[in-house]
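One structure is given below, encoded as structure tokens.
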Amino acid sequence: MSLSQLINRRVLLAGAAGALVARPGIARAENFPSGPVKIIVSVGAGAAPDLLTRLLGEHLSKLWGQPVIIENKPGGAGAVAIKAVAPVAPDGQTLYMALATNFIALPELQTNFPLDVLHDLVPIGFIGEQPIMIAAAPSLGVKTLPELIDLLKRKPGELNIAGGNRGSILHLTGEWFRSATGTKFTLLHYNGGAAAIPDVMGGRVQVTIDAIASMRAPLDSGQVKPLAETAKKRLENFPDVPAAAETLPGFEAMGWMALMGPRGTPPALAEKISADVRTVLAIPELKNRLIDFGNYVRPMNPTEVRAFIVEQQQIWRPAIMEAAKAIKQ
């Protein structure tokens, strides 16, 4: 056998071996789903991310012809849910709906956390971004974000602002707002905006920072006065509410949700599920319902999801450092 023939034979054998390795992943993608699909979420039933996941699950169930079961595992800023999904078989039958805080705050604030979220989880699809609303009690008498900043500067340390759970995106937004405005105030922590509203109405809390979905009823009823939202520009369904960036250039604080699989999920399977997610997110009925919940669809493939998460980690690092100082105090 000549040298060229030997080289060609080795190339063919290597290609065949690669095909054998790749084939299981392709077969999984072709046969998915083989039964009910479970999506684990890190919040309790009824919370905004849970409701959004259930809406998505309904449409995926129709597309796949299989039940999509939502399982709630709250606790530890997502740590409980991540630990539950990381060791499962990478066959796509168990997935994880990650929140921004799982990747932004968890790795930085829980130094003993045993998993590397971008190593032990595989990005699949992006569900959307959730802008945050900064709103005041009507009794405070401020109507705009500049008026609030001016009041905070005139009364340093006298106002209370509700800012979600410690280590959450809402908490980090509060810390970023404090740093960006050079103001002093007390940041109080609640399990969502609904829990803070009674204190806002009672006068104990003057301002609240929360996801639009959690604040929709108080906003619609006039219990709180919207001052600004934290998207890059004004939202189509809130055209009269300024973006915070109009006052604080570069201030863009968004929650978001991404569907993830356990480590070892084959690329072909991840892409198949991702394509299916993008298909249902393009359905006008679902897209409009998600917007009603304050979730703005932004389709991404697995590679784009990973790049987005890495970018977000860099953007939020200064706010995380401030949050870490506050937690230690």
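The values are calculated or read from the model by the stated rules, or taken from the named source; none is laboratory data. As the structure is a prediction and not an experimental result, all values here were calculated from the model. Neighbour counts are summed over all protein chains in view; Cβ atoms, including those assigned to glycine, are modelled from backbone coordinates with ideal geometry.
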Counting only residues that are part of a loop (DSSP other than H, G, I, E, B) and in contact (Cβ under 8 Å) with a residue 24 or more places away in the chain, region 33-64 contains a total of 9
For A162, are the conditions met, namely being in contact with a His (Cβ under 9 Å, 6 or more places away or on another chain) and either modelled with pLDDT under 95 or hydrophobic (A, V, I, L, M, F, W, C) (or both)?
-> yes
Being touching a Ser or Thr at 6+ places or on another chain (Cβ under 6 Å) and surrounded by fewer than 20 Cβ atoms within 10 Å (Cβ to Cβ) narrows it down to one of N301, N288, N237, so name that one.
-> N301
Do the conditions hold for D276, that is, is it at pLDDT 95 or above and surrounded by fewer than 21 Cβ atoms within 10 Å (Cβ to Cβ)?
-> yes
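Within region 101-130, track down each residue that is under 20 Å from S168 (Cβ atoms) and surrounded by 24 or more Cβ atoms within 10 Å (Cβ to Cβ). Explain how you work it out, then say what you get.
As a first pass, look at region 101-130 and keep what is under 20 Å from S168 (Cβ atoms): 101-113, 115, 117-118, 121, 126-130.
Those that are under 20 Å from S168 (Cβ atoms) and surrounded by 24 or more Cβ atoms within 10 Å (Cβ to Cβ): N102, F103, I104, A105, L121, F126, I127, Q130.
Could you please find all residues in region 308-329 being touching a strand residue (DSSP E or B) at 6+ places or on another chain (Cβ under 8 Å), aliphatic (A, V, I, L, M) and at pLDDT 85 or above? Outline the logic, then answer.
Filtering region 308-329 down to residues touching a strand residue (DSSP E or B) at 6+ places or on another chain (Cβ under 8 Å) leaves 308-309, 312, 326.
Now narrow it down to the ones that are aliphatic (A, V, I, L, M): 309, 326.
Within region 308-329, just I309 meets the criteria.
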Among what's in region 25-82 and is farther than 18 Å from F103 by Cβ and among the basic types (K, R), pick the residue that is nearest to the chain's Cα centre (by Cα).
-> R54
With criteria (1) assigned by TED's automatic domain parsing to the domain that holds Q223; (2) buried (at least 19 other Cβ atoms within 10 Å of the Cβ); (3) outside any loop (DSSP other than H, G, I, E, B), M97 comes up short on (1)
Test each condition in (1) at pLDDT 95 or above; (2) of a type in the set (A, V, I, L, M); (3) touching a Leu at 6+ places or on another chain (Cβ under 6 Å) for A245 and report the one that comes out false.
-> (3)
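To keep it simple, each residue is scored yes or no on (1) crowded, with 19+ Cβ neighbours inside 10 Å; (2) aromatic (F, W, Y); (3) more than 20 Å from M257 (Cα to Cα); (4) in contact with a Leu (Cβ under 8 Å, 6 or more places away or on another chain).
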| position | (1), (2), (3), (4) |
| --- | --- |
| P146 | no, no, yes, no |
| L152 | yes, no, yes, yes |
| G157 | no, no, yes, no |
| L170 | yes, no, no, no |
| E175 | yes, no, yes, yes |
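With a cut-off of at least 2 residues that are in contact (Cβ under 8 Å) with a residue 60 or more places away in the chain and farther than 24 Å from Y96 by Cα, name the helices (runs of 4 or more DSSP H) lying wholly within region 226-329.
Working: elements: 267-281, 284-292, 302-328.
Hits in region 226-329: 302-328.
For the condition surrounded by 17 or more Cβ atoms within 10 Å (Cβ to Cβ) and hydrophobic (A, V, I, L, M, F, W, C), what is the one hit in I69, I39? Lay out the reasoning, then the answer.
Details: I69 fails: surrounded by 17 or more Cβ atoms within 10 Å (Cβ to Cβ).
Matching residue, one of I69, I39: I39.
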Pairs, first more than 13 Å from T208 (Cα to Cα) in region 138-149, second part of a helix (DSSP H, G or I) and among the β-branched types (V, I, T), C-beta under 8 Å, six or more apart | I149/T181
